[in-house]
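Chemist: This is the structure I have questions about; it appears just below.
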Amino acid sequence: NVDGGKGPQRLGAELAAPEAGELDDPHPPRRADVAFYDYRDDTLVTKTVNLDTGQVERTATQHDVQPPLSHDENTEAARILIADPLGAGLRADYQDATGRKLTSPDQLLLDSMVYRAGPGAQPAVLAKCGEHRCVQLFPKVRDGGWIDARSFVIDLSARRVGRLGA
């Protein structure tokens, strides 16, 4: 998963639409699509679960697909950036804003977006973003202002940080 633990990272779940043959059924089976990201091989795995029986009815896998990031992924991205030498500016801005050292993602409110590499548009360390799971963070001091971290991209698959425009 995102922090190196066993198994894929759960991203989320949502109710699945009825299948084509069930559209006229007044009581179609209730199903949920549960999405996971497997960092071992950068695969999005979606399992469709029948909520009445608890059984997995089908599993689909996709590569080069990047759904929105989960809370746990944002937290791990912040942890990697805080610990990285490129995170020095983030740490300094946090200290300037609060008078305290930034040591943990729990000290921040985090928003993010998936980053996909474009041809020649980023440093080589980020060239696999899109195949790898990469994130741009938008950190905010709790009860304070935003900290500009737009130029940093965290490759969660490779656990590395790159700087755009550098």
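Chemist: Taking the simple approach of a point 7 Å from Cα along Cα-to-Cβ for both N50 and T98, what is their distance in nm?
Modeler: Calculated label separation equals 4.9 nm.
Chemist: How charged is the neighbourhood of A158? Take every other residue with its Cβ under 11 Å from the Cβ of A158, and add Lys/Arg as +1 and Asp/Glu as -1. Walk me through the numbers before you get to the answer.
Modeler: Working: positive: K128, R133, R159, R160; negative: D42, E131, D155.
It works out to a net charge of +1.
Chemist: Okay, next question. Explain nothing, just compute: Karplus ³J(HN,Hα) = 6.51 cos²θ - 1.76 cosθ + 1.60, θ = phi - 60°, for every residue of region 54-69 in order, whole Hz, x for Gly and Pro.
Modeler: Working through the residues one at a time gives x, 8, 7, 8, 7, 10, 10, 10, 9, 10, 6, 10, 10, x, x, 7 Hz.
Chemist: Another one. Apply the Karplus curve 6.51 cos²θ - 1.76 cosθ + 1.60, θ = phi - 60°, to the phi angles in region 20-35 and return the couplings in whole Hz, x for Gly and Pro.
Modeler: Residue by residue, region 20-35 yields 3, x, 10, 5, 8, 6, x, 9, x, x, 8, 10, 10, 9, 10, 9 Hz.
Chemist: Moving to a separate point now. Just to confirm a number: summing +1 for Lys and Arg and -1 for Asp and Glu over residues other than E76 whose beta-carbon lies under 11 angstrom from that of E76, what do you get? Before the final figure, lay out the partial values.
Modeler: Working: positive: R79, R133, R159; negative: D3, D72, E73.
Neighbour charge sum, excluding E76 itself: 0.
Chemist: Relative contact order of region 87-166: what whole-number percent is it, with Cα pairs under 8 angstrom and at least 6 residues apart? It would help to have the intermediate numbers written out before the result.
Modeler: Details: 129 pairs, mean separation 21.8, N = 80.
Averaging sequence separation for qualifying contacts and normalising by length gives 27 percent for region 87-166.
Chemist: On to the next question. Using the Cα centre as the reference, give the magnitude of the dipole from point charges on the C-beta atoms of region 7-69 (Lys, Arg: +1; Asp, Glu: -1; all else neutral), rounded to the nearest 20 debye.
Modeler: Details: 6 positive and 12 negative charges, 56 e Å.
My answer is approximately 260 debye.
Chemist: Another question, then. Among bridges DSSP assigns within the chain, what percent are antiparallel (round to 5)? Walk me through the numbers on the way to the answer.
Modeler: On the way: 35 of 36 bridges.
Expressed as a percentage, antiparallel bridges in the chain total about 95.
Chemist: Using a cut-off of 19 Å between alpha-carbon atoms, which lysines can reach K47, once sequence neighbours fewer than 8 places away in the same chain are excluded?
Modeler: Candidates past the 8-residue exclusion: K6.
Chemist: Next up: Run down the lysines and flag those whose C-alpha is under 25 Å from the C-alpha of K140, throwing out any fewer than 8 positions away in its chain.
Modeler: K101
Chemist: For the pair D24 and L109, what calculated FRET efficiency results from E = 1/(1 + (r/R0)^6), where r is the Cβ-Cβ distance and R0 = 35 Å, to the nearest 0.05?
Modeler: Working: r = 46 Å, r/R0 = 1.32.
Efficiency computed from Cβ-Cβ geometry: 0.15.
Chemist: Relative contact order for the chain: what percent, with Cα pairs under 8 Å and sequence separation of 6 or more? Numbers along the way, then the final one.
Modeler: Details: 322 pairs, mean separation 28.9, N = 166.
Answer for the chain is 17 percent.
Chemist: Quick one: helix 71-83 against the long Cα principal axis of the chain, what's the angle to the nearest 10°, folded into 0 to 90?
Modeler: 20 degrees
Chemist: From the phi angles alone, apply the Karplus equation (6.51, -1.76, 1.60; θ = phi - 60°) to region 153-158 and give each ³J(HN,Hα) in whole Hz, x where the residue is Gly or Pro.
Modeler: Once rounded to whole Hz, the list reads 10, 9, 8, 5, 5, 8.
Chemist: Rolling a 1.4 Å sphere over the protein heavy atoms, what is the accessible area per residue of region 20-99, to the nearest Å²?
Modeler: Spelled out: the 1.4 Å probe surface of region 20-99, per residue, equals 57 Å².
Chemist: Also: Taking all protein chains in place and a 1.4 Å probe, what share, in percent, of the accessible surface of region 14-111 do carbon and sulfur account for? Walk me through the intermediate numbers first.
Modeler: Values: 2940 of 5840 Å².
Result for region 14-111: 50 percent of the exposed heavy-atom area is carbon or sulfur.
Chemist: Moving on to the next point. Net charge around S104, counting only other residues with Cβ within less than 14 Å of its Cβ (Lys, Arg = +1; Asp, Glu = -1)?
Modeler: On the way: positive: R79, R91, R100, K101, R142; negative: D3, E76, D106.
Here the charged neighbours net out to +2.
Chemist: Take the alpha-carbon centre of region 62-135, take the same for region 1-49, and report the distance between them in whole Å.
Modeler: The two parts, judged by their Cα centres, are 25 Å apart.
Chemist: Is there a quick way to get the dipole size of the chain? I mean about its Cα centre, with the Cβ of Lys and Arg at +1 and of Asp and Glu at -1; what is the value in debye to the nearest 20? Can you show the working numbers first?
Modeler: Numbers: 20 positive and 25 negative charges, 171 e Å.
The dipole magnitude comes to about 820 debye.
The values are calculated or read from the model by the stated rules, or taken from the named source; none is laboratory data. Note that this is a predicted model, so its numbers are computed, not measured. Reconstructed Cβ throughout: ideal geometry from the backbone, glycine too, with neighbour counts over all protein chains shown. The protein model used for the area step is the full one, side chains on, heavy atoms only, and it has no ligands, DNA or RNA in it. Shrake-Rupley method; radii C 1.70, N 1.55, O 1.52, S 1.80 Å.
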